[in-house]
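Shown next, in C-alpha cells, is the structure this report addresses.
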Amino acid sequence: MTDRAPNPSAPTAKAGNALWGGRFEAGPGEIMEEINASIDVDKRLARQDIAGSMAHVAMLAETGIVSHADAAAISAGLTTIAGEIEAGTFPFSRALEDIHMNIEARLKDLIGEPAGRLHTARSRNDQVATDFKLWVRDALDGLDGEMADLQRAFVTVAERHAATVMPGFTHLQSAQPVTFGHHCLAYVEMVARDRGRIADARRRMNESPLGAAALAGTAFPIDREMTAAALGFDGPMRNSLDAVSSRDFALEALAAAAIAATHLSRFAEELVIWCSAPFRFVTLSDAFTTGSSIMPQKKNPDAAELVRAKVGRIIGALTTLLVVMKGVPLAYSKDMQEDKPPLFDALPALSLCVRATAGMVRDLTVNEDAMRALASKGHTTATDLADWLVREVGLPFREAHHITGEAVLAAERAGKEIADLTLAELRAVDGRITEDALTVLTVDRSVASRTSLGGTAPERVRTEAQRWRALLDATATQTDTAA
C-alpha cells in the first residue's frame, strides 16, 4: 500500500524490486512493503546520498574499476537528480524502499545501463552508514554555530546587567545576592561544555564507512582514502564489520543533544518562574508569548514552556536508539532502519530550542527593582555577617555560623531582615559585633565583595563577559576563515 498514486516514470519491479528481486519469485506482501519502506523517513538523506555516490564513482573511475565515460554519465545523472529533488519534482516511490534505491532507479531511467555500475564495490550497508554520518555531521556543525549565537546573547545581557542585583537560590530558597549578569554567564559556561561535547562527538565520528561494502570489505581495488578525503572525513574506518554496524556516533550525538537540551530546559523553567506575577523579574515581548482564549489578561511564556517540554522528546530519542541497538549482533540487521527517526526528530528539535532560547534572551526586559527587592528578603546577607566574624573577630567559621543563625532568629522574631537589625540588636546576640559589621549586610556590598575567581562581583562579571566575547569573536573569525 502506498501513500501516493503510482508514478508512470518509476521503474516497474520484477518480483517487487528490480534492484534486489532476482532471488525472489514473488513480490513482498502489502504489510511487508509497509513495514519495510523507509523512504518517507530517509529521503532527507538525499543530498548526502548523492554526495557519497559522486565520491564513490569518481574513485571507481580513478582506480579503473569503471570507465571514465560511464563515471561521467553517472555523475551527470546524479546532478540531474539533485536538481529534481531540490525542485520537488523527483518521483519518490515507496515500492523502492529507501532513498538509495530510489536514486539508483531514477539514475537508470536517465542514463540507462551505466547506472548499474554505480553500486560496484559498495553495499547499501556502507552506503547508509556513510549517508547517515554525513547528515549527523552537518546537523552538529549547524548546532555549534547556533549555540555560539546563544552564548553571545547571554554575554550581551551579562554585560548590560553586570551589577544588577538579584537573589541567588538554593532549593529555590533565597540564599545569597548575586548579579543577573553572573547568572547569565553560568549558562554561557554550560553551553560551552555542550559545544565541547558536540565537537568531541563530531571528531570521533569523522571516519568514513564507505568501501566497507556489506560487512567484509570488497575484492575490488578501491581507494578508501580517496573517498574519505572527498567527503571531508579524516580517513576510513579500519574494520568493515564495525563500519557498517556501529551507530555509537548517533548515540553520542543524541547524548550530547540530551544534555544540551536539559540545560536549555533549566533556563526555560527559570524564565517561566521569573515571568510569573509573584516574581516579575523579567518580561517577554509579544514575539515569544501567547494569550488565553478565555482570560484576556494572560500573557503566557509559551516559547519557554515549549523549550522545556521538548527535552522529553530529545531524551526519548536517545533512549529509543539505545534500546534499538542493545541487542543487534554484528553486522547489519534491519533493526537499524530505525536508527534515523530519533536523530531526524531530536537534532532539529534541539536546533529550534537553541534558536528560540537565544531569541528570548535577547528579547527579555529585566525588572531590576523587583530583582533587588527580593534579593533583600530572606536574610540573604547572613553569610556576610558570618564571614565578618571570621575575618574581623577571628572566630572559627562554625562558631561564626552559629552566632549568625542566632541573629537570623532574632530578626525573625522582630519581623525584620537581618540587614535591618540595629547595632544594639546585633550586640544583644554577640557583644563582639561592632558598627563595622552593619556595612557588610547590604546586598550591594555583598555582591561587590565576591571577587574570587568565578565570583559574582560586578568587576568579575564584566571581566568574564569580556573574556567570553573575545573568545567567541576569535572562534567566529577562525570559522569564517576556514569556510
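The values are calculated or read from the model by the stated rules, or taken from the named source; none is laboratory data. What you see is a predicted model; the values in this text were computed from it and never measured. So basically every Cβ, Gly included, is an ideal-geometry build from the backbone, and we count neighbours across all protein chains shown. Keep in mind that these areas ignore ligands, DNA and RNA; they rest on the heavy atoms of the full protein, side chains included. Shrake-Rupley method; radii C 1.70, N 1.55, O 1.52, S 1.80 Å.
Please tell me if residue 228 is under 29 Å from the mean Cα position of the chain (by Cα) and open to solvent by less than 20 Å² (accessible area, probe 1.4 Å). Taking the combined requirement at face value, the residue satisfies it.
Quickly run through segment 333-390 and pick out the residues that are in contact with a Lys or Arg (Cβ under 6 Å, 6 or more places away or on another chain), under 26 Å from residue 249 (Cα atoms) and aliphatic (A, V, I, L, M). If the condition is that a residue be in contact with a Lys or Arg (Cβ under 6 Å, 6 or more places away or on another chain), under 26 Å from residue 249 (Cα atoms) and aliphatic (A, V, I, L, M), then 349 is the only one that fits. Of the residues making up segment 237-246, those that are crowded, with 20+ Cβ neighbours inside 10 Å and either charged (D, E, K, R) or not in a loop (DSSP other than H, G, I, E, B) (or both) are 240, 243, 244, 245. Go through the residues of segment 406-419 one by one and say whether even a single one is closer than 25 Å to residue 280 by Cβ, basic (Lys, Arg), touching a strand residue (DSSP E or B) at 6+ places or on another chain (Cβ under 9 Å) and surrounded by fewer than 19 Cβ atoms within 10 Å (Cβ to Cβ). Scanning segment 406-419 turns up no residue that is closer than 25 Å to residue 280 by Cβ, basic (Lys, Arg), touching a strand residue (DSSP E or B) at 6+ places or on another chain (Cβ under 9 Å) and surrounded by fewer than 19 Cβ atoms within 10 Å (Cβ to Cβ). Any idea how many residues of segment 326-353 are open to solvent by 20 Å² or more (accessible area, probe 1.4 Å), in contact (Cβ under 8 Å) with a residue 60 or more places away in the chain and in contact with a helix residue (DSSP H, G or I) (Cβ under 7 Å, 6 or more places away or on another chain)? The total comes to 4.
For segment 360-385, filtering for residues that are assigned to a helix (DSSP H, G or I) and open to solvent by less than 20 Å² (accessible area, probe 1.4 Å) leaves 8. A residue that is more than 30 Å from residue 459 (Cβ to Cβ) and surrounded by 20 or more Cβ atoms within 10 Å (Cβ to Cβ) can be found somewhere in segment 184-198. Any residue that is open to solvent by 50 Å² or more (accessible area, probe 1.4 Å) and of a type in the set (S, T, N, Q) - is there at least one of those in segment 159-172? Yes. Taken as a whole, the structure places residue 440 among residues that are under 22 Å from residue 164 (Cβ atoms) and either assigned to a helix (DSSP H, G or I) or open to solvent by less than 60 Å² (accessible area, probe 1.4 Å) (or both). In this structure, residue 139 does not qualify as surrounded by fewer than 23 Cβ atoms within 10 Å (Cβ to Cβ), at pLDDT 95 or above and not in a helix (DSSP H, G or I). Within segment 386-399, if we keep just the residues that are assigned to a helix (DSSP H, G or I) and open to solvent by 20 Å² or more (accessible area, probe 1.4 Å), the residue that is nearest to residue 271 (Cα to Cα) turns out to be 387.
Pairing each residue of segment 94-108 that is under 17 Å from residue 79 (Cβ atoms) with any residue that is β-branched (Val, Ile, Thr) and surrounded by fewer than 24 Cβ atoms within 10 Å (Cβ to Cβ), provided the two are 6+ apart or on different chains, yields C-beta distances under 8 Å for 99/39; 102/39; 103/50; 103/81; 106/81; 107/81. Quick check: anything in segment 206-224 assigned to a strand (DSSP E or B), of a type outside the set (Val, Ile, Thr) and at pLDDT 95 or above? Yes: one or more hits. Pairs meeting the criteria (first residue in segment 39-67 and open to solvent by 60 Å² or more (accessible area, probe 1.4 Å), second residue in a helix (DSSP H, G or I) and of a type in the set (Phe, Trp, Tyr), beta carbons under 8 Å, at least 6 apart or on different chains) are 44/135; 44/344.
Residues are listed down the side, and each one gets a yes or a no for (1) assigned to a loop (DSSP other than H, G, I, E, B); (2) open to solvent by 50 Å² or more (accessible area, probe 1.4 Å); (3) touching a strand residue (DSSP E or B) at 6+ places or on another chain (Cβ under 7 Å):
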site: 274; (1), (2), (3): no, no, yes
site: 278; (1), (2), (3): yes, yes, no
site: 287; (1), (2), (3): no, yes, no
site: 294; (1), (2), (3): yes, yes, no
site: 303; (1), (2), (3): no, no, no
site: 307; (1), (2), (3): no, no, no
site: 311; (1), (2), (3): no, no, no
site: 315; (1), (2), (3): no, yes, no
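If only one of 131, 109 is buried (at least 23 other Cβ atoms within 10 Å of the Cβ), over 29 Å from residue 369 (Cα atoms), of a type in the set (D, E, K, R) and out of contact with any Phe, Trp or Tyr (no Cβ under 7 Å at 6 or more places or on another chain), which one is it? Result: 131 is the single residue among 131, 109 that is buried (at least 23 other Cβ atoms within 10 Å of the Cβ), over 29 Å from residue 369 (Cα atoms), of a type in the set (D, E, K, R) and out of contact with any Phe, Trp or Tyr (no Cβ under 7 Å at 6 or more places or on another chain).
Of the listed requirements (1) crowded, with 19+ Cβ neighbours inside 10 Å; (2) under 29 Å from the mean Cα position of the chain (by Cα), residue 70 misses just one: (2). Here segment 455-481 is the region considered, the condition is being open to solvent by less than 50 Å² (accessible area, probe 1.4 Å) and either among the small types (Gly, Ala, Ser) or closer than 17 Å to residue 387 by Cβ (or both), and the residue that is nearest to the chain's Cα centre (by Cα) is 476.
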